[in-house]
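Comments concern the structure below.
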Amino acid sequence: MNNTQKSETPAELVIPQLIVGLGNPEPKYDRTRHNIGFNAVDAFAKSWQISLSENRKFQGIFGEGNRPRGQKIRLLKPLTYMNLSGQSIRAATDWYKIPPQSVLVVYDDMDLPIGKMRMRLAGSAGGHNGMKSTIAHLGTDKFPRLRIGIGKPQNDPAKNDKDTISFVLGKFSSEESQLVEKMLKLVVEAVELSLHQGVEKAMSLYNNRTIAETSAETKR
């Protein structure tokens, strides 16, 4: 009943239990800009030595394992196509009884340049169909997400829908691919930190980082 006691209680850390990368199945979408969420999950699986395989119950590629400090972590790449990503995510969260705030969704963002990322604790879909589906199936937008910059088409005065679709479904150039590889290493670092110290801590340390800083000496 003590008010001071109430105000001194620290906010609960948001620690991901399920990490989802958004993308489209089929080889033709492999390594495209829109599939960078899939690439991120592959990078987590490789770094954490988690094997991934098809799980029909979750309509996706799935794997689980323990992190070095003992946390159980699960990885998911929905195979439902981007627009129905939420179906796969909901199947996994229902099965493991994971609350939305423990689901970290990783996906592409045209409003961020290549080499930048943003983590948030909640927010709208921002026009991203995979996120629209995720929000609809989880019944809330209050879950953490990590957006990875994929850049914009150079000729974007009118934001032609056709050009936008061909851009996001196109592959990175060889020069861009090198930046993406470095970016994914930074993404793994940020998510590692969120597993140990919470998403907010990772946000404070990584939301202003860029690829340029990874090759320079760290000032932090």
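The values are calculated or read from the model by the stated rules, or taken from the named source; none is laboratory data. All values reported here derive from a predicted model rather than from experimental measurement. A quick note on method: Cβ atoms are made from the backbone with ideal geometry, for glycine too, and the neighbour counts reach across all protein chains shown.
Just for strands (runs of 3 or more DSSP E) wholly inside region 40-87: which have at least 1 residues that are over 18 Å from Val105 (Cα atoms) and of a type outside the set (Ser, Thr, Tyr)?
Here the list reads 53-55, 60-66.
Give me the residue from region 92-108 that is touching a strand residue (DSSP E or B) at 6+ places or on another chain (Cβ under 8 Å) and buried (at least 20 other Cβ atoms within 10 Å of the Cβ) and, out of that set, nearest to Asn55 (Cα to Cα).
So, considering only residues that are touching a strand residue (DSSP E or B) at 6+ places or on another chain (Cβ under 8 Å) and buried (at least 20 other Cβ atoms within 10 Å of the Cβ), the one nearest to Asn55 (Cα to Cα) is Ala92.
Got a number for residues in region 82-118 being of a type in the set (D, E, K, R) and closer than 18 Å to Ile211 by Cα?
So the answer is 5.
Checking Pro153 against (1) in contact with a Phe, Trp or Tyr (Cβ under 9 Å, 6 or more places away or on another chain); (2) over 20 Å from Ala40 (Cβ atoms); (3) assigned to a helix (DSSP H, G or I): exactly one of these is not met. Which one?
(3)
Taking region 13-51 as the search range and keeping residues that are over 15 Å from the mean Cα position of the chain (by Cα) and of a type in the set (Lys, Arg), which one is modelled with the lowest pLDDT?
So the residue we want is Arg31.
Let me confirm something: among Ile114, Ile61, Ile98, Ile50, which residue is touching a residue at least 60 places away in the same chain (Cβ under 8 Å) and within 28 Å of Ser177 (Cα to Cα)?
Ile114
Scan region 44-58 and tell me whether some residue there is among the acidic types (Asp, Glu) and either in contact with a Pro (Cβ under 9 Å, 6 or more places away or on another chain) or under 23 Å from Lys132 (Cβ atoms) (or both).
For region 44-58, residues among the acidic types (Asp, Glu) and either in contact with a Pro (Cβ under 9 Å, 6 or more places away or on another chain) or under 23 Å from Lys132 (Cβ atoms) (or both): absent.
Identify the residue in region 196-212 that is in a helix (DSSP H, G or I) and touching a strand residue (DSSP E or B) at 6+ places or on another chain (Cβ under 9 Å) and, among all such residues, is nearest to Lys116 (Cα to Cα).
Filtering first and then ranking leaves Tyr206.
Of all the residues that make up region 18-39, how many are surrounded by fewer than 20 Cβ atoms within 10 Å (Cβ to Cβ), on the phi < 0 side of the Ramachandran plot and part of a loop (DSSP other than H, G, I, E, B)?
2
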